[in-house]
Amino acid sequence: MTRHVPIRDTATADPMIVMADVEKWYGGFKALSAINLSVRRGERIVLCGPSGSGKSTLIRCINRLEVYQKGEIRVGGTRLDDDGHSIDAVRREVGMVFQHFNLFPHMTVLQNCMLAPMRALKLSRREAEETAQRLLDRVRILEQADKYPAQLSGGQQQRVAIARALCMRPSVMLFDEPTSALDPEMVKEVLDTMIGLAEEGMTMICVTHEMGFARQVADRVIFMADGSIVEEAPPDTFFTQPRHERTRKFLGEILRPH
Amino acid sequence: MGLGEFLFLLTGLKWTVALSAIGFVCGAIGGLAIALMRTSGMRPLERLAAGYIALFQGTPLLMQLFVVYYGLALVGLRLSAWVAVSIGFTLHASAYLGEIWRGSIEAVPRGQSEAASALNLKYVSRMKDVVLPQAIRISLPATIGFLVQLIKGTSLASIVGFTELARAGNIVSNQIFQPLLVFGIVGILYFLMCWPLSLYGSHLERRFAVASR
Ligand SMILES: Nc1ncnc2c1ncn2[C@@H]1O[C@H](COP(=O)(O)OP(=O)(O)OP(=O)(O)O)[C@@H](O)[C@H]1O
Ligand SMILES: [Mg+2]
């Protein structure tokens with residue numbers, strides 16, 4: 001496969017996200033253990049692993065949808081803790097896209113995109129509307145702006161969800177299996193939107209099993225199992241010379257032709 | 001029955017409507033507070049709200065009215081029947097609406113408030129703009145059902161001497177000795193208030209069932 005997205009020299013850039021020895025428990029169950037991860041500005045990470053390995057938990061800790069018990073997370077220089085200011089500062093930087101879109105069903109597409117900029121960024125209605133229209137145009141769905149989410153296809157809803165997150169001008173985007181709830185024919189339109197974002201230099205962490213996307217876009221692929229990071233490598237190395245037995249087994253299952 | 005008696009019944013009807021409206025509006029404010037406490041994630045607040053709901057759902061409305069009317073008089077607070085029953089119905093409705101709305105808030109998918117949090121919306125906006133509009137929609141059939149119960153329940157206010165529709169009927173009946181006619185009319189008046197609401201409630205419920213299919 002050809003590489004559309006150029007690899008930039010990210011080694012010199014400052015880290016956008018740092019996770020140091022992060023541990024997360026759900027009651028007595030350890031969902032993340034000793035997570036160490038550093039993501040540079042502009043870097044594109046693909047996170048994969050079997051179901052229940054902690055992928056969602058990991059990225060949800062980054063914007064504080066989950067609390068962690070040990071270690072430290074820094075986003076754009078802010079240390080994330082219980083303090084409301086740090087949560088606010090981190091969430092300003094981080095946008096998120098969910099598997100099931102989570103659009104607000106009682107609002108139109110445009111209203112979905114305007115709410116947070118007006119409330120959290122205190123933009124005027126006009127500014128919020130301009131931003132929303134610009135970003136809806138960018139995900140090529142501006143003509144649906146006055147529809148309600150239920151009137152759109154899954155692929156369209158997910159593109160709206162991406163536009164909604166972008167309206168907050170994040171410097172990092174988290175994607176949690178953005179295409180796995182979609183019918184196959186809609187996967188491409190969402191992946192293309194994500195590739196477009198990557199080309200513009202967005203820092204991205206994507207939980208996905210779309211290995212074509214990983215090959216094309218990722219600077220690094222990370223494989224998780226049982227709450228730990230097992231292996232990480234650039235996609236070429238990751239797919240051709242996986243070092244760990246578990247990675248090989250996982251890749252064997254996921255790349256096996258259906 | 002003459003025009004005077006009928007007008008007296010209508011005066012009773014007016015107080016029934018007024019008492020229902022006050023109980024419902026003030027109860028909605030109290031109920032919202034109870035529902036928000038109950039879903040706050042803060043243990044002491046949740047316990048307090050749960051206790052309040054249990055107390056008022058676990059005792060008869062009649063007893064609650066007695067306690068407010070005579071109980072407050074015992075501690076030196078002499079309230080008019082009007083104020084006492086208003087307080088009684090407000091407390092009662094707060095508990096029931098609080099419980100209905102707690103359920104509706106919890107029925108809004110968790111992903112909704114997560115998406116709102118991820119967009120850096122704070123609690124007030126998360127509730128006001130995202131969760132409550134959806135919760136209210138979900139709760140409408142049950143809320144209207146409760147309003148119907150509340151309207152009929154106002155007849156209990158006659159016990160502490162408040163002249164609403166049922167007591168007005170009683171008074172008229174004792175004057176003209178035509179209980180069947182008088183209470184027939186009283187019944188029709190209640191029916192005309194409650195039946196359209198019930199219809200509307202089940203209409204919403206059906207529309208909801210279709211929408212969520
Ligand atoms: N709220 C919760 N309470 C208790 N356990 C949880 C909770 N959320 C997740 N877990 C557990 O934590 C582990 C990791 O979950 P997580 O959702 O992060 O996995 P995942 O890698 O995203 O899996 P999938 O591919 O199925 O989405 C799982 O074993 C899961 O059962
Ligand atoms: Mg997951």
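We did not get these values from a lab; they are worked out from the coordinates using the rules stated. Predicted model only: the values in this text are computed from it and were never measured. Please note: Cβ atoms are built from the backbone with ideal geometry, for glycine as well, and neighbour counts cover all protein chains shown.
A straight line joining the Cα centroids of segment B:1-41 and segment A:48-110 runs 45 Å.
To the nearest 0.05, what FRET efficiency results for B:Q57 and A:R243 with a Förster distance of 41 Å applied to their C-beta separation? After rounding to 0.05, the efficiency reads 0.10. Two numbers describe the Cα atoms of segment B:14-161: Rg and Dmax, which are 17.0, 55 Å. Placing pseudo-labels 7 Å out from each Cα toward the beta carbon at A:K147 and B:Y200 gives an inter-label distance of 3.3 nm. Average projection, convex hull of the Cα set of segment A:182-237: 4.5 square nanometres. Residue by residue, segment A:100-108 carries 3J(HN,Hα) couplings of 9, 6, 6, 5, 7, x, 8, 10, 5 Hz when phi is fed to the Karplus relation 6.51 cos²θ - 1.76 cosθ + 1.60 (θ = phi - 60°); x denotes Gly or Pro. Net charge near A:F223, counting Lys/Arg +1 and Asp/Glu -1 over other residues with Cβ under 13 Å of its Cβ? Taking every other residue near A:F223 into account, the sum is +1.
Amide H contacts of A:E231 (H built 1.01 Å from N, in plane; Pro and chain starts excluded): A:F223 sit under 5 Å, all sequence-distant by 5 or more or on other chains. Spin-label pair B:V83-B:E46: with each label point 7 Å from Cα along the Cα-Cβ axis, the two points sit 3.8 nm from one another. For the residue pairs A:K55/A:K122; B:K14/B:K128; A:K30/A:K188; A:K55/B:K122, the C-alpha atoms sit more than 30 angstrom apart in A:K55/A:K122; B:K14/B:K128; A:K30/A:K188. In loop segments of segment B:158-213 as defined by DSSP, the chymotrypsin sites (Phe, Trp or Tyr not before Pro) with at most 14 further C-beta atoms inside 10 Å of their C-beta are B:F177.
Loop-resident trypsin sites (Lys or Arg not before Pro) (DSSP state other than H, G, I, E or B) in segment A:152-258 with no more than 14 further Cβ atoms inside 10 Å of their Cβ: A:R243. Please give the helix A:109-119 orientation as an angle from the longest Cα principal axis of chain A, in degrees from 0 to 90, rounded to the nearest 10. For helix A:109-119, the angle is close to 80 degrees. Using the Cβ-Cβ distance between B:Y123 and A:E130 with R0 set to 22 Å, the FRET efficiency works out to roughly 0.20. Volume of the convex hull of chain A (Cα atoms only), normalised per residue: 138 Å³.
Here the Karplus curve 6.51 cos²θ - 1.76 cosθ + 1.60, taken at θ = phi - 60°, turns the phi angles of segment A:188-202 into couplings of 4, 4, 6, 4, 4, 4, 5, 5, x, 4, 4, 4, 7, x, 5 Hz, with x standing for Gly and Pro. Helix content alone sets the calculated 222 nm mean residue ellipticity of the protein assembly as shown: runs of n ≥ 4 DSSP H residues at -39500 (n - 2.57) each, divided across all residues, give -18000 deg cm²/dmol. Across the protein assembly as shown, Cα-Cα pairs farther apart than 45 Å form 32% of the total.
Pull up the cross-link candidates among the aspartates and glutamates for A:K70, meaning alpha carbon to alpha carbon under 19 Å and not fewer than 8 places away within one chain. Here the aspartates and glutamates satisfying the reach criterion relative to A:K70 are A:D21, A:E23, A:D81, A:D82, A:D83, A:D226. For segment B:8-15, the Karplus equation 6.51 cos²θ - 1.76 cosθ + 1.60, evaluated at θ = phi - 60°, returns couplings of 5, 4, 5, 4, x, 4, 4, 5 Hz by residue, with Gly and Pro reported as x. Working note: Cα gyration tensor of segment A:32-170, eigenvalues times five, square-rooted, sorted largest first, giving semi-axes of 29, 18, 13 Å.
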